[in-house]
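Before any comments, here is the structure.
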C-alpha cells in the first residue's frame, strides 16, 4: 500500500462499489439452506453489509494484522467479552468488575487503537465489564448499505453425488456402492451494488485515519480474490468510485451523488452472463461545488 498520511479523517465521502459472482453464492441465507439471499417481492438478490465487512476484515487480517494497531476485533470464532476483559486487565483494571464511564472510555480508546475494524465499523461494546457504562457503543465511520443485484436473479440448486460415504454403516447399507447425495446452490451471474458513506464526525471518536481508510478501499478491491471456492464461485470486484466532499458536513445530499452512477445491461433482451454484458457510467457533468470524483477501480 502506498504511503498515506496517518491523520484523522476530516471529510465526508460517498462510495459506490460493485462486486460480482459467477456460478456461486455471494451471500447465502443460513435460514434457507445457504441459498443466495433474495427479495421475494422483486426477485433481486442482495448481500448484507456484514458480508462486505467480513470481506474487508478478512483481507486486513491476512495482509496487515502483524502491524501494530491493525488487528481485527471481530475475528471468526472470537470470544469478544474475553478480548475486552484482557485489554482492561492490561490497563490495570479488574477484569471481573464492571467499569464506570471514565474507566470504560479508557478501555474503549485502547480497543480502538488496537483494532482497525472498530475504528472503521464501530461495534456494540456495552457488554461484559462495559455493560454498565453509558458510552460503550461505537458508531462506525464507514457505513456500507445492503448490496443489491442490478437485475432479478434465478438461484440454481445443483445435486452433487460424491462417490463416497462417511461411515461404515452407510457403506454396509449400500452394499459397498458408497454414494451420497448433496446439493450446491448459486447464481449463473450477478453483480451486487453497494452504496455507502464515510462520516468524519465519527472518526473523531474512533480515531480512524486516512491510512485506515486506504486499507478499507484496498480490501474492497483485492479482498474478493480470496473468496473463490466451489461454493462461492468466481467472485471479483469490478468497480469502486468515490465522491469526496471538501467539507466535514458534506456539500450535497448522498442521493444526488448515487443517482449519477448508472449500471444497466448492454442488451436488455439478452441474459447477462458476465460484467462485459453491463454498461457502467458516471455522470460528472455539473458536479456540485466542493465535490471531487475518484475512481479506485
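The values are calculated or read from the model by the stated rules, or taken from the named source; none is laboratory data. All values derive from a computational prediction rather than experimental measurement. Here the Cβ positions follow ideal geometry from the backbone for every residue, glycine too, while neighbour counts run over all protein chains shown.
Annotations
- Check on residue 263, in contact with a strand residue (DSSP E or B) (Cβ under 6 Å, 6 or more places away or on another chain), closer than 17 Å to residue 239 by Cα and surrounded by 14 or more Cβ atoms within 10 Å (Cβ to Cβ): yes
- Checked against the criterion of being closer than 23 Å to residue 48 by Cα and at pLDDT 70 or above, segment 162-178 contains not a single residue that satisfies it.
- Single residue of segment 91-113 satisfying the filter (in contact with a helix residue (DSSP H, G or I) (Cβ under 8 Å, 6 or more places away or on another chain), surrounded by fewer than 18 Cβ atoms within 10 Å (Cβ to Cβ) and closer than 28 Å to residue 9 by Cβ) that is modelled with the highest pLDDT: 110
- Selection count where residues are in contact with a helix residue (DSSP H, G or I) (Cβ under 6 Å, 6 or more places away or on another chain) and without any contact (Cβ under 8 Å) to a residue 12 or more places away in the chain, scope segment 114-132: 0
- One residue from 187, 193 being within 30 Å of residue 41 (Cα to Cα), modelled with pLDDT under 95 and either surrounded by 20 or more Cβ atoms within 10 Å (Cβ to Cβ) or within 15 Å of the chain's Cα centre (by Cα) (or both): 187
- Top-ranked residue in segment 148-169 [being surrounded by 14 or more Cβ atoms within 10 Å (Cβ to Cβ) and either assigned to a strand (DSSP E or B) or without any contact (Cβ under 8 Å) to a residue 12 or more places away in the chain (or both); ranked as nearest to the chain's Cα centre (by Cα)]: 148
- In segment 61-72, the count of residues that are within 22 Å of residue 204 (Cβ to Cβ), touching a residue at least 60 places away in the same chain (Cβ under 8 Å) and assigned to a helix (DSSP H, G or I) is zero.
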